[in-house]
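Please read the structure below before turning to the comments.
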Amino acid sequence: MRLNLVPLFVLLCLPPAYGKDPAGPPGGGPPAAERDLAVRASEIVSSMDTEKLAAQVLLSAVEGRELGKKTELLFTAVPPGGVMLFSYNVASDPGRTRLFLEELSSLIRSVSGTAPFIAADQEGGAVQRFRGAASLPPALSYWERLERGEDRGSLTAAVEREALVSGRELRSLGVNLNLAPVAEPLSPGNRSFLKDRSYGPDPDFTAAAAAAFVRGMERAGVASTLKHFPGSSGADPHKIRGAKIGEDPAELESMISPFRRVIAASGPAAVMVSHAIVSPWDSRPASLSPEAVRRLREDLGFRGIIIADDFAMAAAPAPPEVCAVEALNAGVDMVLAWTQDLRKIHAALVLAVREGRLDGEKLRRAAERIVFAKLRYALMR
């Protein structure tokens with residue numbers, strides 16, 4: 001029987017609850033359909049050498065608003081698994097942005113044989129790369145409306161509806177991975193950092209709103225990324241290293257609860273892991289912690305892509321190329337890379353595999369999860 005030929009890993013990495021809405025992306029059907037995608041992902045990845053595998057796990061920044069020679073040379077040498085956009089990449093004319101992303105995707109596909117994720121932080125409020133039709137209100141505004149007496153169900157329906165509208169605009173431009181929503185409930189400990197990026201202090205409402213956001217994006221064919229697991233401190237990771245969270249077990253569970261519920265309800269494509277140190281788990285940042293990954297996989301049942309937060313931040317304890325190797329060894333699937341670091345990180349991963357410091361099987365499994373998601377969102381066949 002065909003099932004006997006399916007690798008054990010393929011069965012283990014099947015997502016538990018993807019694409020429940022019939023208008024959502026392909027891959028949300030019966031288990032057999034998911035299994036076929038996983039088998040195809042395994043076939044694609046099995047043809048990759050170490051250099052291509054190492055490139056597949058990188059989510060790279062890109063310079064400018066046009067495909068210049070410098071970018072073409074860089075991505076020909078290291079065709080990343082995805083590209084993340086910032087406001088400086090977005091032209092005022094949507095047509096120019098669409099053309100830029102089409103050319104970027106075509107270049108990477110021609111070199112790597114796989115389509116890239118095109119990612120952006122489109123949370124809403126102050127953190128969003130696209131304005132106009134893709135704009136979203138701040139997450140906290142929904143909680144403020146709830147406090148003013150609006151109906152909870154109506155508000156979560158509004159989150160989903162507005163995410164759907166934004167997601168359709170993003171997908172029409174070529175964006176297929178949203179590095180949002182924030183699934184952390186607001187607390188005295190993280191308020192100074194998160195500000196209006198959270199759906200409020202109530203874990204139940206945060207979970208319901210984040211799940212609605214994921215559903216809206218899913219229906220538009222855009223993958224979502226919950227962040228920042230298991231939580232953030234009040235210290236800005238861009239500036240401060242060594243921030244600790246979770247010393248109170250009840251507080252830690254309150255942080256994790258929305259992630260658990262959104263994963264169970266909406267099956268997001270990815271989860272971003274923070275650089276906060278969870279003292280009861282590890283002395284290392286969560287982004288480098290095998291225990292944080294284990295909790296996410298085993299306790300929360302997450303089978304999608306685990307993305308580490310930016311290792312160029314001050315919160316990272318070592319240079320990006322060093323952290324990337326450690327993160328992959330910990331079980332992370334994808335790491336962010338600025339253009340000036342892309343070659344160094346890629347070379348470090350390849351060398352670590354060749355020297356036995358990075359488990360090549362972990363690298364392959366990471367690539368399989370990434371390719372599976374690309375198949376699921378119809379970025380490639």
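Values quoted throughout were computed directly from the atomic coordinates according to the rules given, and no laboratory measurement underlies them. What you see is a predicted model; the values in this text were computed from it and never measured. Note: ideal-geometry Cβ built from the backbone for every residue, glycine included; neighbour counts use all protein chains shown.
For the reader, a short list of remarks on this structure follows.
- Members of LYS195/LYS244; LYS70/LYS362; LYS70/LYS227; LYS52/LYS244; LYS69/LYS227 lying beyond 27 Å, as alpha-carbon distances in this model show: LYS70/LYS362; LYS70/LYS227; LYS52/LYS244; LYS69/LYS227
- Taking other Cβ atoms within 10 Å as a rough exposure proxy, ASP196, ASP151, ASP333 sort from fewest to most as ASP151, ASP196, ASP333.
- Dipole size of region 77-140 about its Cα centre, with +1 on Lys/Arg Cβ and -1 on Asp/Glu Cβ: approximately 60 debye, rounded to the nearest 20.
- Rg and Dmax of the chain, both derived from C-alpha coordinates alone, stand at 19.3, 60 Å.
- Modelled this way, with points 7 Å down the Cα-to-C-beta line, the labels at SER172 and SER135 are 1.6 nm from one another.
- Cα gyration tensor shape of region 104-262, rounded if a/c is under 1.5, else prolate or oblate by comparing a/b with b/c: oblate
- Restricting region 104-169 to trypsin sites (Lys or Arg not before Pro) in coil, as DSSP defines it, with at most 14 other Cβ within 10 Å: ARG131, ARG148
- Which of PHE75, PHE259, PHE86 has the fewest Cβ neighbours within 10 Å, and the rest in rising order: PHE86, PHE75, PHE259
- Computed from point charges on the beta carbon alone (+1 for Lys and Arg, -1 for Asp and Glu), the dipole magnitude for the chain about its Cα centre is near 780 Debye.
- Estimated FRET transfer efficiency when R0 is 35 angstrom, pair ILE240-LEU73 (beta carbons, to 0.05): 0.45
- Cα gyration tensor shape for region 146-205, rounded if a/c is under 1.5, else prolate or oblate: oblate
- Rounded to the nearest 20 debye, dipole of region 54-193 from Cβ charges on Lys, Arg, Asp, Glu: 220 debye
- GNM top mover of ALA54, ALA115, ALA264 - the chain, alpha-carbon springs below 10 Å: ALA264
- Projecting the Cα atoms of ILE307, VAL262, ALA210 onto the dipole axis of region 57-358, where Lys and Arg carry +1 and Asp and Glu carry -1 at the beta carbon, places ILE307 farthest toward the positive end.
- Rounded, prolate or oblate (a/c below 1.5 giving rounded, otherwise prolate when a/b exceeds b/c) for region 35-158 by Cα gyration tensor: oblate
- Placing a pseudo-label 7 Å from each Cα along the Cα-to-Cβ vector at TYR88 and ALA264 gives an inter-label distance of 4.4 nm.
- Ranking of LYS344, LYS227 by neighbouring Cβ atoms within 10 Å, starting from the fewest: LYS344, LYS227.
- Across the chain, Cα pairs under 8 Å and at least six residues apart give a relative contact order of 19 percent.
- Positive-end residue, region 103-160 charge dipole about Cα centroid, Cβ charges, pick of LEU104, SER154, ALA139: LEU104
- In the chain the longest region clear of GluC sites (Glu not before Pro) that are loop-assigned by DSSP and have at most 12 other C-beta atoms within 10 Å covers 1-246.
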